[in-house]
Amino acid sequence: MNDHPLHQIIKACDRAITAKDFDSLMEYYAEDAVLVVKPGTIVRGKNNIRSAFISISDYFQDRLIVKQGEMQIIEGGGDALVIMETQLFYPDELGGTAELTRRATYVFRLENDRWLCTIDNSYGTSLLDGDNA
């Protein structure tokens, strides 16, 4: 299912996060979108999501790199559920690079022939575990 437009949209979002291009990133979010910043912390609305991404970038010393792994897209009724591996690369305490793979879940809505993210949950179902990874 690599031909689904969401593959390219998610790649563009990953590039924007890595490049700290938060204006471009916000083009892919709905006005009423939500972002799971970490377990127990959710922000709502594009302005708050943009601010959260800036804070996340700052936390990782502007060195966060985001890539995608395996991805499944389930589409129905003008919505799409994306289940995927999100690969994160960030500075570790020893000056090197740490790597973490999460099984993320995202929801996109088709509005005026554009896919917009409405729920961004890079933690996926691990939220049920209380896992803070």
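Each value in this text was obtained by applying a stated rule to the coordinates, not by laboratory testing. Please read these numbers as outputs of a predicted model, since none were measured by experiment. In this analysis, Cβ positions are derived from the backbone assuming ideal geometry, glycine residues included, and neighbour counts consider all displayed protein chains.
Annotations
- Helix axis angle, 46-59 relative to the chain longest principal axis, alpha carbon, degrees: 30 degrees
- Each helix, a run of at least 4 DSSP H residues, gives -39500 (n - 2.57); summed and divided by the residues of the chain, these come to -7500 deg cm²/dmol at 222 nm.
- Listed residues Leu25, Leu100, Leu88, most fluctuating in the chain (Gaussian network, C-alpha, under 10 Å): Leu100
- Potential lengthening between Lys67 and Glu93 on full extension [0.36 nm per residue; Cα-Cα distance subtracted]: 7.2 nm
- A simple charge model with +1 on the Cβ of Lys and Arg, -1 on the Cβ of Asp and Glu and nothing else charged puts the dipole of the range 5-129 at about 80 debye relative to its Cα centre.
- Sites listed here are chymotrypsin sites (Phe, Trp or Tyr not before Pro) in the range 75-117 whose DSSP assignment is loop and whose Cβ has at most 16 other Cβ atoms within 10 Å, and the list is empty.
- For the range 7-115, GluC sites (Glu not before Pro) meeting the loop criterion (DSSP other than H, G, I, E, B) and having at most 12 other Cβ atoms within 10 Å: Glu93.
- Checking every one of the trypsin sites (Lys or Arg not before Pro) in the range 22-108 against DSSP loop status and a limit of 12 other Cβ atoms within 10 Å picks out Arg63.
- Pairwise FRET efficiency - Asp129 versus Ser24, Cβ, R0 = 35 Å, nearest 0.05: 0.60
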